[in-house]
Structures are given as structure tokens and as C-alpha cells.
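Inspection log for the structure reproduced underneath, given as C-alpha cells.
The values are calculated or read from the model by the stated rules, or taken from the named source; none is laboratory data. These numbers were taken from a predicted model, which means no experiment stands behind them. As a convention, Cβ positions derive from the backbone with ideal geometry for all residues, glycine included, and neighbour counts pool all protein chains shown. What goes into the accessible areas is simple: the full protein's heavy atoms, side chains included, and nothing from ligands, DNA or RNA. Shrake-Rupley method; radii C 1.70, N 1.55, O 1.52, S 1.80 Å.
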Amino acid sequence: MKKQGMWTIGMVGLVGALAMLLGACGQSANKSEVDVVHYFSDTLGKTTVTSIFDAFTKKTGIKVVDNTTGHEDFKTQILVMLAADNPPDAFSYWAGARVQFVVDSGRLQPIDDLYKKDNLDTLLPPAIAAGTVYNGHKYLIPFGYHYAALFYNSKTMQKLGITQPPKTWNDFLAMCDKIKAAGVVPLAVGSKNRWPAQFWFDYLLLRTAGPEYRARLMAGQAKYSDPEVVNVMKMWKVLWDKGYFVPNANAYDWTDAADQVANGKAAMTLMGTWITGYWNGNKLQPGTDYDFFPFPQIKDGVPNVALGPIDGWVMSKNAKHAAGALKLLSFLLDKGSQAPWAIGQGALAPNKTVDPSIYNSVMKKASEEVGASEAFNFNYDLATTPPMAEGGLTMFAEFMNNPSKSMNYLTETDKVEQTVFKK
Amino acid sequence: MSRRLWTVAFLSVPLLAYTTIVIVPLFTSFYYSLTDWNGFSAQYHWVGLANFARIASDPLFANAIKNTAIWMAAAIVVPTAAGLALALMLHRGVRGAKFFKSLFYLPICLALAVVGQVWIWIYRPDWGLLDLILRNIGLSNVAIAWLADSTTALGAIILAWSWQQTGLAMVIFLAGLTAVSRELTEAAEIDGASYGQSLRRVVIPLLSPATVVVVALSILNSLKSFDAVYIMTKGGPFHSSDTLAMFMYDVSFESYYMGYGSAISVVLFLIAMVVITFYFRQVRALEHLHE
Amino acid sequence: MSEGTPRQLSEVTPRRSKRLRGARNSPVARFFFYFFLIVFVLIYIAPALGVILTAFKSNAEIASDGLWTLPHALRFDNFVEAWVSGHVRIYALNSVLVTIPATAISILFGILTGYVFSKLPFRGSEALFIFVIAGMFFPPQIVLIPLFRFFNVVGLYDTLWPMIIVHSAFGLSICTLIMRNFFSTIPTAMREAAIIDGAHELDILSRIVLPVSLAPLAVLATLQFTWIWNDFLYPIIFTKSDSMRTIMVGLITLKGQYSVAYGVQGAMAVIASIPTLLIFVFFQRYFISGLTLGAVKG
């Protein structure tokens, strides 16, 4: 009888599951291990970070239990784990407002002692070191960071006879005009997931109103309807009105925009250095096929600030394997870990003792640019608290869809700001 | 053994498991709706009904309700009709019926993450399949960015979702058609009934248990419709494709207002409760009418 | 309606099982039938084709040519990579160990409760029925935190048990819905006759009701298997070791922070969909008419 067939299958399944459970029971009593969760889940990232973990195990004998899931689900997963009081010992997180949020929620362990014991401060340039301190204490180990700039197709620019990076805003506009006249779209943006548009807002604001004003805005102490911000939207709109952007930006992901540049349909895209990892994966050559120039200066006297995210590692409060976790964090800052990570991800290593020869020509240039900058700022969605970031990102996407209503968007965002920061 | 004892025996284990795993956690999460918890913090405060007051004045919530209602309306009609049509077409020995049935069932077998991505690739304005076809048949001005346009994004996602859901409806109708014995329909034909009449008078009434299931599932799946939206637009552009479930996720896991998100889920639950109870009452009334 | 209606030739000729329902001899009807069928087929094939194309193309190819072009070569690299680097074997085994018990248990639960609601109603059973299907009234994200806490406390975190238990409990809703509705098409006369003959409820359920319910059982088996197999939310939350992961989790972990391995994802999706498709094909034979209600002759 078919029904009996199903029962049999069910029984077999139950027995099998029991076997698995019994098998699993044996493993969990291991003391010398560390539980981690991270979001470096793409194939290359996963392999690289796993090999770093293996090196750690070889050195210390402590096993790293890696609970990676997809980048998208990381947010859900980490929230559930923290909220249910069963956090991983250490996890990757974005430096800036997001770490601040978790620190303020009382979920992270300060690691000042670790920094003192292993002398970790000496390994970091001051701009990066600033991103490790929250509420006066150290909480974060920086793992890799990225720098946002205008990445372009070298061959396209060569064909168009453009050899010099623009030094001023007018230079930049003139360059875009020249590109457009030759039938190429100057700027690609893939703002389907909203965040790629933020770099335009960030740099325009940084280069006109300066980092101090921006810091106040990020902290909810300035308004989105202030003249500084209105001015930014006006300048952004000029680019739009002149037809410099690829149409339908919101239909494309940042990788699509990168493809448009690689295919020659567009000339440049404002993106972070991880784009080099993507392009390398598609067999493009740094320098010959692609390169970058920094976002041009706009106003004289405004400090030259570099923009980008820092990926770091933090330790949970009440971590079950605290000692092992601290050892791991220290190991991750070591140049032996940071170098392969930077190469694999198209990232820059925060550890300044890393040999710069590991970088290809483009990354080397990026590293020098950051070194020459007066400060390092986090991009919008890492610089302001998450609920505010949601409102701002929506505004940027709305702008890329239809900039004529930008005053409306600013008013809306003001309202969001009031709700978020009133506590 | 008395009938009552059998009832208790049959119900006890399932209900115990269900109450422990589904109902108790549900009410725990409802409790959060009365707090200002941000999802991370170990501390939170009681705020009474403040979150619910916020719902009443939040335009994004009203937007999400509107979108969910649209989705529900489409869900009740499209997959049901399409699934019924397919089941009717395929349940009596069409050549290759087995192949066709598997083809229409295939969408449900595919991982949602991949399905979502493929539909994104269908809807792209540059080399997406839909616009490719539209341009080739001369309709270039209709070839827009379906997922990036706030007027079409919701509809585009509903279409992709219906693509999957229709297979589900078809399968349930196929099983339901087994209750329609061949003798009955042939008797109707012999009596001179046309296909349409036989359909209306014999088949569809006998399919009503299956139809009830299909419509109920469509209603419920549309209320829960999170995954498809998340993968294709995350509720964008600008919340034009935000459904209640997506909005709840956004508020809880992106903006970290877990208390507010829980309040939204309470409302979602109540809406579902009301709609389904109403629906089943109607069904029962109709059944009594036919007896 | 029955008198004086001219009979068509088709009605006096013996029925052939291949005769299309309603198509009769009219070529017009048959044309429309095949036309709609083809339209549906095309709509259905396009996305499925997309998944297959993804599996056979490399990321670079998709970046340069778009997806909807034939791949340069039929390379199986993506499949090999999915099989080798993705730990697919462990994942697939775990998926099996979770899906089969959960499917069986949830269906069993549904049979029991569905039987009560349709054949043994009592005061308040309608309300209880709504209570039972309320499990479908909300997206599962809502209960992740309490459930996680629960399984952590009872020590089942990072095993396969939470997934089996949760799917069984949540599956009760749809299994009850379907079984109750199908049981209600079985006439009470049958049950009453059996009681007169001295049968008790379990007898009736197992020897009379279930054998004619193969179609809905097959539907549930197919659907539950597919849903549980395709779920990724619970495995993410309730497990942490690689050895406990299921195949769907393996699929989504290929999406990184700044890049996606579309090709390998596509290959894995194809591999992962094979079992559910096979289950469907296997259970299709129970979706045929004539086996149920054979005893009803008026």
C-alpha cells in the first residue's frame, strides 16, 4: 500500500535525523574554539577568510567555527542571535554609525586592553584608528577598507584624448561635455539598491560644505533643508540636466553600472575600490583597462577628505570563548592576514606595515590617495544611524529617478530626521 | 471508545506542537509591540499603545496596506483562474500532459533567490527579455524599466509571483478534479449540455473544496508576500512595491524599530484573521445554499 | 434540456481516453486550446530557461553579453564548482534528513486534525479550525527571535531538530486546511455505515477515508516537500555549523557583499530543484480521476 510506503519513508527519515542529532551532540563540548559570523560570503571572500582562519588555527590550535550566510541575510541573522542572547563570539561589522548603534545597545565588548597588550595602535594610520573608537573606548578591529573615487575605462578615455584628471569642478564638467559629445555617456550609476547613489551626495557635500558640517548633519544636528544641502542637490541636478547620467539608473545594480563602463557605453562610475575586485574577476587589467581619479576639489579651502567604508570585526559582550576571540581579533589585524585579504577583495589594508607591493597599480594609487587625505569619512549609510540612513538612501534613489522634485524629497527627509533623532 | 475521546486523541499531539511552536512565539512577539525595543538592545521600555498610534498616522503604513490589497485582489483572480485553466486543460490525457504538468510545476521547485534574479533579468530595460521582445515587435515605447518605475514595479512583482503560484493552484485543482468523476461529466454531455454548461453546473461546484483552498492560500500568501518583494525591489522604488510583510521587515531589520515592526505584524495578523473568517463564513453560507 | 436535443456523432462513438475534454471535433476549439497552451508554455519556459542559461554562463559572459543569448560554450564549470566547493553533498543530505520527516509529520498531523474538523465537529471546532490555520496568517520572520531563544534554551541549537520541529508545527496549518476540505467531500453515509458495522474512528480513518484520499495526500506530500526543501530562513537561524546546513542555505551564501556568483548559483539552483521535481513526477500518478468516490453511485 502506498500509504505504508510513506510511513516507512517517514520512519527512516526520523531514524536518520536521530542519528544526526546524536552525532552532533558529540561535537559541541569543545572548549578551544571560537564562533564567528561574517558577511564575506562571496566565493573569493569566503575562500580567503577561511584560509586566514586556517592559519589562525595552525598558529594557536583554536578552531574557528564559521557561521557565514549570505550577505543579505546576515543582518537578520546577527540581530536574531544578539537579541536572543546567543551571540557569536566575534562578528564582522561596518565601522561607523552601525557599530555605534550596537555599542549603544550594550551588545559589544570593549577591547582597549587588547589594543594595549598587543600594541595594536602602532599598526594603524590615525585616520583609520579614529574609526575604532566609540564612546571613548576601542571596540573594532579594522580588517579592510575601501576608497570611493571615479573609476573609468582607460581605453575609452584614451580614445577620447583625455589624459589629465580634472582638478576643479569646472574641469570635471568640461570633461563630461567632451565625453558626451563623443557619444559616450559620461557617468554610470546603478542605484537599484539605493546605496550607490550616496557617494555623489557625500562627495558633493564634503567638497562644498566640508567634513564638519557633514558630521553635524549625520548626527542629526543640521537639517536636510539647510542651504548647504540644497546647494548639493542643485549641483547634482546640473549633472542630471546636462544628460551626464545613464538613463534609468534605478533599474541597474552597481555591477551593471560597472559593466556599462567596461563595455564602453559609459565612461566613469563613482564607486568604491571593490569594483577592482569585480573587474579583475571579469579579466580586466588594472591600469590598461581601468583606472581612477579622485573626486575633484570644488571649493578652495575645504579639507580633502577621503570617503569609504571600513569592514571590521567586533566582539560580543559575554562571549562564550572570550580569550580565543581576542586572540582571533588580534590575528586579524596582523599584516599576514590583512595582505591576502586586501588582494582578494580589492580592498586596502588598514595595517600600515603591510608591504605596498602587494597592491596592483590602481590599488597602490588608492592607498596613496587615502594617505594624502586629511581625514577619512564613512559613506552616508555608515555615517548616520541606520533608521536615518533608510530615509536618506530613499531620497538619493528618488533623486536619481526624478531630480525635479528635490525640494520635496528634502522636506520628507527632514521629517524622517525629526522622528529618528528626537529620542 | 467514545467519539469525544477519539477527538481528544487525534487533536492532542498536533495541537500541542502547534501551540508551543507557533502560537506561543507569536504572542511573545506581539508583546514586543508594546515596547520601544530596537531589536538589539538588552534594555527596552514599555510604551503601551504608542506603536499602534504611530501606525494610524504613518503614511508608509497606509501605502503598504494599499499595495497589499492590490496584491490580494490579483492573487485571488490570476493564479486561481490560470491554475484552473491549466488543470482543466491537462487532466484528461493531452499528449504529453505529464511533461506540461511538470513544466508548470517547475517554478515552485526553483529556489526563490534564483527565480527572483531571473525575473530581474527579464525586466531589465537594456537587455532584459521582456523589453527585448517588445522592441522586436515594434513596441519600443512600452519597453520601460519595469522594476524601477514606481507605477509598474508592484505589478511586475505580482506577475512573477503569480507565475509561481499558478503551478500551486494547478496542482490543487488537479487533485480536486479527481472528485469530479468521469461519469458525471459524461452524463451531462449526453444530456446535451455544452462544455460551458457542464463546466459551470457540474465541474466547478464539485471543485469547490479545492477552490476554497486555492483562494484561501492565495489570500494568505499575498498577505505574507515577503520573499519575492525582498529579492526584486526590497519594497522600492520609493515604497511603491512595499507590502505589509516587506514593510514590517524593513522597519524591524533595517531601521531597527523592532517594537514598531511587531505592532505592524499584529495588525497584519488581525487583518488576515478577519479576512479569512469572513471568507469561510461566506463559503459556508454558499454551501448551505446549495444543499 | 434533455429532450429533443440533437445528438452529435461524437456522443455515440466510444470514448477514447485521448479525447480532449471539451475539444469535441471542432477544429476551432482545438486551435484555441493549443494556442493557449503554447502561450502558457512560452511564458513558463522563459524564466526557467533563464535559470538554465545562468548555470551555463560565466559571470564575465553575463556581464558582457547579457543573459538572454546562447552561451559561448556548454561548459559545466559552474556545476562542478557547485558540487565541489559548495559542500553540496552534506547540504543535500541534511535537506533530505529535514524534509522527509517534516513532510511526513506535518501530513500526519493534518490528517488527524482535518479528520476531526470535518467528521467529528464539536462546539467551537470552527473557531479552533481558524486557530489552527492562523499559522499561515503571518510571515515567519516575526517569530524568529522567540523560537531561537527557545531552541537555544533546550539545547537544540545547531542541530537538524529545530527545522524538523518548526516545519512540522507550521505545516499543520496548510495540511489541516487541505485535508479537512477534501475529507468533507467524502459522504457521511460511508462513515455512518461503517459505525453501524462496529468500526471505531481510527478504523474509519485508516481503512475507509485515507484510501480514497490519495489525491490530496499526494498534493500535500508534493507541496510540503517542495516548501520545506526550498526553505532557507530556518536553517540560517537555527544552525551555525557547516555540517548542519541545508542546500538552500548553500545557494544563498554565494551572494557576497560586493559580488554575486550568478553562474554557480544558477548551477546549484538547477541541482537543488531536481529532487522536488522528481517528487512531483512521482506523485503525479495519484492526481488521476476515478480512484476516489468510486463507491458513490447515488
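Could you tell me the center-to-center distance, by alpha carbons, between the range C:196-259 and the range A:126-157 in angstrom? Spelled out, the Cα-based centre of one part sits 46 Å from the other.
When C:150, A:56 are compared by accessible area of protein heavy atoms, the largest-first order is C:150, A:56, using a 1.4 Å probe. With 30 Å as the limit, the listed pairs A:75/A:327; A:58/A:116; B:66/C:240; A:167/A:335; A:317/B:224 have B:66/C:240; A:167/A:335; A:317/B:224 beyond it between alpha carbons. In a reduced charge model with +1 at each Lys and Arg Cβ and -1 at each Asp and Glu Cβ, the range A:146-288 shows a dipole moment near 180 debye about its Cα centre. Think of the range B:58-289 as a dipole: +1 on every Lys or Arg Cβ, -1 on every Asp or Glu Cβ, centred on the Cα centre; then among B:121, B:133, B:148, B:133 lies furthest on the positive end.
For the protein assembly as shown, a Kirkwood hydrodynamic radius built from all Cα pairs, placed in the Stokes-Einstein relation at 10 °C and 1.306 mPa s, yields a translational diffusion coefficient of 52 µm²/s.
Report the calculated FRET efficiency for residue A:75 and residue A:241 (r = Cβ-Cβ distance, R0 = 35 Å), to the nearest 0.05. Present the calculation step by step, with values, prior to reporting the outcome.
Values: r = 36 Å, r/R0 = 1.04.
Efficiency computed from Cβ-Cβ geometry: 0.45.
Separation of the range B:47-91 and the range B:256-282, taken as the distance between their Cα centroids, equals 11 angstrom.
Between the Cα long axis of helix A:2-27 and the first principal axis of chain A there is an angle of about 90°, rounded to the nearest 10.
Hey, how many Å between the Cα centroid of the range A:334-391 and the Cα centroid of the range C:103-147? Each part's Cα centre sits 53 Å from the other's. For residue B:208, the solvent-accessible surface computed with a 1.4 Å probe is close to 50 Å², ligands and nucleic acids excluded.
Any chance you could tell me what percent of the C-alpha pair distances in the range A:259-332 go past 15 Å? Here the tail beyond 15 Å accounts for 71 percent of pairs. Rounded to the nearest 100, the interface formed by chains B and C buries 9500 square angstrom of accessible surface, both chains summed, with a 1.4 Å probe. Working note: Cα atoms of the range A:253-411, range along each principal axis, descending, whole Å: 56, 43, 36. Per residue, the solvent-accessible area of the range B:58-289 (1.4 Å probe, heavy atoms of protein chains only, all protein chains present) comes to 33 Å².
Rounded to the nearest 10 degrees, the inclination of helix A:361-372 to the longest alpha-carbon principal axis of chain A is 80 degrees.
Taking every residue in B:233-240 and counting other chain Cβ atoms within 10 Å of its Cβ, the average works out to 5.
For residue A:375, the residues 5 or more places off, or on other chains, whose built amide H falls under 5 Å of its own are A:306.
In whole angstrom, how long is each semi-axis of the equivalent ellipsoid of chain A, when you take the square root of 5 times every eigenvalue of its Cα gyration tensor and sort them from largest down? If you can, show how the numbers build up before the last one.
Values: eigenvalues 316, 128, 116 Å².
Working through the eigenvalues yields semi-axes of 40, 25, 24 Å.
Ligands, DNA and RNA left out, the accessible area of the range B:58-289 computed with a 1.4 Å probe is 67% carbon and sulfur. The 3J(HN,Hα) values that the Karplus relation (6.51, -1.76, 1.60; θ = phi - 60°) gives for the range B:263-270 are, in residue order, 4, 4, 5, 4, 4, 4, 4, 5 Hz. Gly and Pro appear as x.
Here's the picture: charge each Lys and Arg Cβ at +1 and each Asp and Glu Cβ at -1 in chain A, and of A:148, A:77, A:189 the one pushed furthest to the positive end of that dipole is A:77.
For the range B:58-289, the normalised intensity computed at q = 0.11 Å⁻¹ comes to -0.68 (log10 of I(q)/I(0), Debye sum over alpha carbons, equal scatterers, no solvent).
About the Cα centre of chain B, what is the dipole size in debye to 20, counting +1 per Lys and Arg Cβ and -1 per Asp and Glu Cβ, all else neutral? Show your work: numbers first, answer last.
On the way: 17 positive and 15 negative charges, 126 e Å.
Dipole about the Cα centre, nearest 20: 600 debye.
Order A:325-335, C:202-212, C:30-40 from most to least packed using the mean count of other Cβ atoms within 10 Å.
Details: A:325-335: 21.7, C:202-212: 17.0, C:30-40: 13.5.
Most protected by this proxy first, the peptides run A:325-335, C:202-212, C:30-40.
With the dipole of the range B:58-289 worked out from charges on the C-beta (+1 for Lys and Arg, -1 for Asp and Glu) around the Cα centre, which of B:261, B:69, B:192 lies farthest toward the positive end? So the residue furthest toward the plus end is B:192.
Placing unit charges on C-beta atoms (Lys and Arg positive, Asp and Glu negative, everything else neutral), compute the dipole magnitude of the protein assembly as shown about its Cα centre in debye, rounded to 20.
Values: 80 positive and 68 negative charges, 477 e Å.
The dipole magnitude comes to about 2300 debye.
What does the C-alpha gyration tensor say about the overall shape of the range B:5-76? Classify as rounded when a/c is under 1.5, otherwise prolate if a/b is larger than b/c, or oblate. In terms of gyration-tensor shape, oblate.
To test your reading of the geometry: what angle, between 0 and 90 degrees and rounded to tens, separates the Cα axis of helix A:322-333 from the longest principal axis of chain A? Compared with the principal axis, the helix lies near 40 degrees. Interface burial in the range C:55-76, defined as at least 10 Å² less accessible area with all protein chains than with the chain alone at a 1.4 Å probe, covers C:59, C:60, C:62, C:63, C:64, C:66, C:67, C:68.
Straight-distance candidates among the lysines for linking to residue A:234, with alpha-carbon spacing under 17 Å and chain neighbours fewer than 8 residues away dropped: A:223, A:242, A:299, A:405. Leaving ligands and nucleic acids aside, the C/A contact buries around 4200 square angstrom of accessible area in total at a 1.4 Å probe radius. Rounded to the nearest Hz, the phi-derived 3J(HN,Hα) couplings of the range B:9-25 under the Karplus curve 6.51 cos²θ - 1.76 cosθ + 1.60 (θ = phi - 60°) are 4, 5, 7, 4, 5, x, 5, 5, 4, 4, 5, 5, 8, 9, 6, 4, x, where x marks glycine and proline. Across the protein chains, with a 1.4 Å probe defining accessible surface, the residues A:177, A:259 rank A:177, A:259 from largest area downward.
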